[in-house]
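Can you keep this structure in mind? I'll have questions shortly.
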Amino acid sequence: MPEPEIGPEEVLVAVNACGICGSDVHGMDGSTGRRRPPIIMGHEAAGLIVRVGADVEGWAEGDRVTFDSTVYCGRCPPCRAGRINLCDNRRVLGVSCEEYRRHGAFAEYVAVPQHILYRLPAELSFYRAAMVEAVSIAVHAVSRTQIRLDDTALVVGAGMIGILVVQALRAAGCGRIFAADLVPNRLELARKLGADETLLAGAVDVPQEILQRTGGRGVDVAVEAVGLTPTLQTAVACLRKGGQLTLVGNFAPKVDLPLQAVVTRELTLNGSCASCGEYPACLDLIARGTIDVDSLTSAIAPLAEGASWFKRLYEGKEPLMKVILEP
Ligand SMILES: [Zn+2]
Ligand SMILES: [Zn+2]
């Protein structure tokens, strides 16, 4: 591919690290329709500014940066209300769908508008910074949830995002945190990174177990990080009356919601999409080690090996979390 051209309000970033997202892997096979070739994928990146457009202010060559995965317009009603993740004209880097194509960061260079840039703390490496997008999804889910000090929480799904949610819930002041998953080594990692107790779904009846361990009450807060009918139903069944459920996972476009449980127990449901201004906090949380991203990084490999890492992630035979490519 030729080197990207930059507009007057854009900078050219030499990419040092770019994470492979689940959406890239599922997009590659054509099933989502959001990676229509030809497209340079990649939206979880960090690097060095090597050129700035004529109207760029406050950024210079040599600045170490990361950037939001979403280019928001700043002019539509959601943007003007501060909800940039819900922008009517949002374009995700590394995505090509029916409406647009915007090249991403699995490349030596990527063009990025200045209004989505963030400066890296001096002590933060590029590959850690490339994890900020995933961290921001977890932190946003927690910001969408009204948490009171010492709340009891359950995270359903201990994948990459679920484990980051565990860490964010801990940082937000939750007390006892449970994590549930079908895979034992994910639960092990969840425990290592802050879950107090884990539940192996499939081996135990998760709601029954949660009720037992909370004196029949249920948890104050649940975060669903999978997005399937059984996991949603588990989360609902584990909540106390008046509890809150935040929905991050959306694997299936439709699920069966136990309506009466939600209505009669007055549960609050919060949808959570991408992130909305949480990047600076996330960069700080990573830099200070409050959120551990190293334990979730399975491999850092050269971009030239990208195709084979995509294949391995697609096959899903290995317990891989985040794979980061270095152009
Ligand atoms: Zn992503
Ligand atoms: Zn907008």
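The values are calculated or read from the model by the stated rules, or taken from the named source; none is laboratory data. In this text the structure is predicted, and so the values were computed from the model without any measurement. A quick note on method: Cβ atoms are made from the backbone with ideal geometry, for glycine too, and the neighbour counts reach across all protein chains shown. In case anyone asks, the SASA skips ligands and DNA or RNA and just uses the protein heavy atoms, side chains included. Shrake-Rupley method; radii C 1.70, N 1.55, O 1.52, S 1.80 Å.
Within straight cross-link reach of LYS192, meaning Cα distance under 22 Å, which lysines are found once same-chain residues fewer than 8 apart are removed?
Filter leaves LYS322.
In nm, to one decimal, how far is the LYS317 label point from the ALA122 one, both placed 7 Å along Cα→Cβ?
Taking the two extended label points, one gets 4.7 nm.
What number comes out for accessible area per residue over the chain if the probe is 1.4 Å? Units Å², please.
46 Å²
Based solely on its DSSP helices, what 222 nm [θ] is calculated for the chain when runs of n ≥ 4 H residues each add -39,500 (n - 2.57) and the sum is averaged over all residues, nearest 500 deg cm²/dmol?
Counting only the DSSP helices, I get -7500 deg cm²/dmol.
Oh, and also: Which of the aspartates and glutamates could be linked to LYS311 by a straight reach, that is with a Cα gap under 16 Å, when you skip same-chain ones fewer than 8 residues away?
ASP24, ASP29
Let me ask something else. So if I take the centroid of the Cα atoms in segment 42-90 and the same for segment 105-182, what is the distance between those two points in Å?
When both Cα centres are located, 19 Å separates them.
Working out 0.36 nm times the residue gap between ARG83 and ALA203, then minus their Cα-Cα distance, what length gain in nm do you get to one decimal?
Using 0.36 nm per residue and subtracting the Cα-Cα distance, I get 39.1 nm.
Can you pull the Rg over Rh of segment 44-86, Cα-only, Kirkwood?
1.07
Further, regarding this structure: In segment 1-59, what GluC sites (Glu not before Pro) fall in a loop by DSSP, with at most 11 other Cβ atoms inside 10 Å?
GLU5, GLU57
Hey, another quick one. Which percent of the accessible area of the chain is formed by carbon and sulfur heavy atoms (probe 1.4 angstrom)?
C and S atoms contribute 51 percent here.
Would you kindly calculate the translational diffusion coefficient of segment 125-186, applying Stokes-Einstein with the Kirkwood radius from alpha carbon pairs, for 37 °C and a viscosity of 0.692 mPa s, and quote it in µm² s⁻¹ without decimals?
271 µm²/s
For the chain, modelled as a Gaussian network with Cα springs under 10 Å, which listed residue fluctuates most, PRO253, PRO121, PRO184?
PRO253
Taking a ≥ b ≥ c as the square roots of the eigenvalues of the Cα gyration tensor of segment 79-170, is the shape rounded (a/c under 1.5), prolate (a/b larger than b/c) or oblate?
prolate
Also: With a ≥ b ≥ c taken as the square roots of the eigenvalues of the C-alpha gyration tensor of segment 169-319, please select rounded if a/c is under 1.5 and otherwise prolate if a/b is larger than b/c or oblate if it is not?
It is prolate, given that a/c is not under 1.5 and a/b is the larger ratio.
With springs only between Cα atoms under 10 Å, which of ALA105, ALA203, ALA180 fluctuates most in a Gaussian network model of the chain?
ALA203
Within segment 181-247, report the trypsin sites (Lys or Arg not before Pro) that DSSP leaves as loop and that have at most 14 other Cβ atoms within 10 Å.
In loop regions of segment 181-247 (DSSP not H, G, I, E or B), the sparsely surrounded trypsin sites (Lys or Arg not before Pro) are ARG217.
Past the 19 angstrom mark, what percentage of all C-alpha to C-alpha distances in segment 1-153 do you count?
57 percent
If you average the C-alpha positions of segment 1-40 and of segment 282-297 separately, how far apart do those two centres end up, in angstrom?
24 Å
With a 10 Å cut-off between alpha carbons and a GNM built on the chain, which of GLU305, GLU224, GLU133 moves the most?
Among GLU305, GLU224, GLU133, the largest GNM mean-square fluctuation belongs to GLU305.
Next question. Provide Rg and Dmax in Å for segment 272-326, with only Cα atoms included in the calculation.
Values for segment 272-326 (Cα only, Rg and Dmax): 14.0, 35 Å.
Let me ask another. In whole Hz, with x marking every Gly and Pro, tabulate ³J(HN,Hα) for segment 172-177 from phi via Karplus 6.51 cos²θ - 1.76 cosθ + 1.60, θ = phi - 60°.
7, x, 5, x, 7, 10
Any idea what diffusion coefficient the chain gets from Stokes-Einstein, in µm²/s, Kirkwood Rh on alpha carbon pairs, 37 °C, 0.692 mPa s?
Diffusion coefficient, whole number: 161 µm²/s.
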